[in-house]
Amino acid sequence: MKSRKPYMLSAITMLLISLICSMAYGEVQSSANYSIRQCILTNAGGQSSSDNYTLSHILAQPSPITSSSSSGYRLYGGFRHASKVVTSEPDGDVAPLGNRDGIVNVGDALVALRFALLLETPTQEDVQHGDVAPLDAGGQPNPDGVITVGDALVILRKALGLITFEEFQLEGRILFGNKAITEYTSNNVNFWFTDETAGTSIDNAFTTYDNQTGTYGVSGLPNGPVSISLTIHETGEVATFPGNFRSWSTVDLSTLSENEASNYDLKMSKIIHLTKPFDNSGYASWTPPYPQHDSPLLFQWDPITGATRYDISIAKYGDSLNSFMEYVIQQSTTSTSIECTLTSSGDQNDYQFSVHAYNAGNDMVGYYMTTYNGGGYGANYKFKIK
């Protein structure tokens, strides 16, 4: 096991220097064991800094001093020294060796591994950059003072884009109803983000998800309005078939407080399985001709866990431009079926059916989706009445 003594000695030395430098040097200082009769520093200077260090204290005199002694001590001649306080972040950037380039890649993991195996000796700044393990609960470095194989593995994971050290912009739980989604599935969540200002997808967002607790974290988002799409593919050929979990929401990150952003729960719903007059576990056509049915028409679906009511709507649309005309039915039911009496849709129009499920807390826990031939999906079933 690699000894920590050099690092402990360095830390103790820095602490002693800091304590010595914090004394009021212009005065007489004494205790039972020593007495300083006059200032030993002249024109030592104040604090200064650069990109790589902060000079917080100086032990100095403007010129060399001569040796002096007493029965209790001997002071040898010396020169000015400064205490250098390194402010490097534990970011994993240790390569090229002795000439860091500001980028974390596989080369940094290899250099860290050489440090861990004692094939190279790291400098203090190497340790401050390369000591990134273990990670804390938020995925941030929690340095322990040494570079080990664990640090090399964490750096490799960062190089491969599997983790990041950025602070999460959003974190919280993923829920189904008012319970963690993990009570219903252990499958992983897929995340998609869109920059609503630019109207483009966000490809460099980084997410974490714990499929044991249902907690998530995300970074790399713009500080503005963002849409968040989640899916959990449980069953069927595609994730838009019934039985799978989905959600879509929008949040403006610039409006959230720190507490709101760190406790931002996301709620998912389950896709409802319609069994009559159409089974949405298969594909449908996006364009006319749509299926034709007689009136009255029975709609029936499988129950959703926790649902206490289902809100049904049927709207009339124009075929040519898919233009909304009017709602003909809007009602709620505790049943999993409803029979509707509808007039003929005619040659140029069609009807579109949708259903949403809610629990007792008014959380949406389910909604209908149709998957179309050739790709695409929608939240309604298109049909005609003879």
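The values are calculated or read from the model by the stated rules, or taken from the named source; none is laboratory data. Everything numeric in this text was worked out from a predicted model, so none of it was measured. Here the Cβ positions follow ideal geometry from the backbone for every residue, glycine too, while neighbour counts run over all protein chains shown.
Under the condition of being touching a Lys or Arg at 6+ places or on another chain (Cβ under 9 Å) and assigned to a helix (DSSP H, G or I), which residue from region 103-114 is nearest to Arg157 (Cα to Cα)?
Looking at the filtered set, the residue picked out is Ala109.
Here are some residues: Asn187, Asn204. Which one is over 13 Å from Leu170 (Cβ atoms) and modelled with pLDDT under 95?
Asn204
Considering region 171-205 alone, what residues qualify as being in contact with a Leu (Cβ under 9 Å, 6 or more places away or on another chain) and of a type in the set (Phe, Trp, Tyr)?
The answer is Phe191, Trp192, Phe193.
From (1) buried (at least 17 other Cβ atoms within 10 Å of the Cβ); (2) not in a loop (DSSP other than H, G, I, E, B), pick out the condition that doesn't hold for Ser229.
Ser229 satisfies all of (1) buried (at least 17 other Cβ atoms within 10 Å of the Cβ); (2) not in a loop (DSSP other than H, G, I, E, B) except (1).
How many of the residues in region 346-357 are of a type outside the set (Asp, Glu) and either buried (at least 21 other Cβ atoms within 10 Å of the Cβ) or not assigned by TED's automatic domain parsing to the domain that holds Asp294 (or both)?
So the count comes out to 4.
Give the residue, chosen from Arg157, Arg173, Arg114, that is at pLDDT 90 or above, among the basic types (Lys, Arg) and within 16 Å of Tyr209 (Cβ to Cβ).
Arg173
Name the single residue that is surrounded by the fewest Cβ atoms within 10 Å (Cβ to Cβ) among those in region 161-204 being of a type in the set (Gly, Ala, Ser) and more than 12 Å from the chain's Cα centre (by Cα).
It comes out as Gly199.
Can you tell me which residue within region 272-288, out of those that are assigned to a loop (DSSP other than H, G, I, E, B) and either hydrophobic (A, V, I, L, M, F, W, C) or within 15 Å of Ser344 (Cα to Cα) (or both), is nearest to the chain's Cα centre (by Cα)?
Looking at residues that are assigned to a loop (DSSP other than H, G, I, E, B) and either hydrophobic (A, V, I, L, M, F, W, C) or within 15 Å of Ser344 (Cα to Cα) (or both), I get Trp286.
Under 6 Å between Cβ atoms, which residue pairs at least 6 apart in sequence (or on different chains) link something in region 230-244 that is in the same structural domain as Leu266 (by TED's automatic domain parsing) and among the aliphatic types (A, V, I, L, M) with a partner that is assigned to a loop (DSSP other than H, G, I, E, B) and surrounded by 19 or more Cβ atoms within 10 Å (Cβ to Cβ)?
Taking only residues 6 or more apart or on different chains, the pairs are Leu230/Val189; Ile232/Val189; Ala239/His233.
Restricting attention to region 232-270, report how many residues are crowded, with 20+ Cβ neighbours inside 10 Å, of a type in the set (D, E, K, R) and under 14 Å from Glu171 (Cα atoms).
Residues that pass the stated criteria total 0.
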